[in-house]
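The values are calculated or read from the model by the stated rules, or taken from the named source; none is laboratory data. Every value quoted in this text rests on a predicted model; they were computed, and no experiment measured them. Note: ideal-geometry Cβ built from the backbone for every residue, glycine included; neighbour counts use all protein chains shown.
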Amino acid sequence: MKTLTVGQIIKAFGIKGEVKVKPYGSAENFASYPAVFIKGVKFEVLAGRHSDGFAYLKLKGVADRNAAELLVGEEIEISREDAKDLGEGEFYVADIVGCALVLSNGKRLGIITDVSGYGAADVFTMETDGKICRFPFIRRLDPVVDIENKTLTVDAKVFGEVCVYEN
């Protein structure tokens, strides 16, 4: 079964086992998920709501705050079949991993190997010729995501300014 990572549990909420989730997309979607997976274990979603950009879930089998606290820091996945259909120009982060990074001048640089959320902008990791480059996914890059052709095209000049290579 294919899954998508949709968020991370950031804290236990209340005393009845609810968890607060930082979504990797829209918090509104969480209420519609029938089940989620945490470390490969399926949890039925008994209730879901959202507020101020966060999702709050009550999961079957997580009866109290102590049980919820054991899940803090864990990522939440959903079945690909339960994923909401996206609109034009929208994509799931999981679909970016494996895409070729192409500059606006046509030069192919490497493959996107990871996407991590670090505050205001996601950080993309690209590998090319044994080197690792990390860059923020920001609007100035003028990104064009083509999931069908597995490419991410970005502005060459801006990419040169924001890409940080590791040794």
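So here's what we get for this one:
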read-out: Number of positions in region 29-43 that are in contact with a Leu (Cβ under 7 Å, 6 or more places away or on another chain) and either modelled with pLDDT under 95 or charged (D, E, K, R) (or both); value: 1
read-out: Residue check for residue 104: polar (S, T, N, Q), farther than 16 Å from residue 23 by Cα, touching a Lys or Arg at 6+ places or on another chain (Cβ under 9 Å) and surrounded by 14 or more Cβ atoms within 10 Å (Cβ to Cβ); value: yes
read-out: Identity of the residue in region 76-102, acidic (Asp, Glu) and assigned to a helix (DSSP H, G or I), that ends up farthest from residue 41 (Cα to Cα); value: 95
read-out: Unique residue being small (Gly, Ala, Ser), in contact with a strand residue (DSSP E or B) (Cβ under 9 Å, 6 or more places away or on another chain) and modelled with pLDDT under 85 when the list is 98, 89, 73, 61; value: 89
read-out: Failed item in (1) out of contact with any helix residue (DSSP H, G or I) (no Cβ under 6 Å at 6 or more places or on another chain); (2) outside any strand (DSSP E or B), with residue 15 passing the rest; value: (1)
read-out: Residues located in region 119-167, provided they are of a type in the set (Gly, Ala, Ser) and either surrounded by 13 or more Cβ atoms within 10 Å (Cβ to Cβ) or more than 17 Å from the chain's Cα centre (by Cα) (or both); value: 121, 130, 156, 160
read-out: Residue check for residue 11: buried (at least 19 other Cβ atoms within 10 Å of the Cβ) and over 17 Å from the mean Cα position of the chain (by Cα); value: no
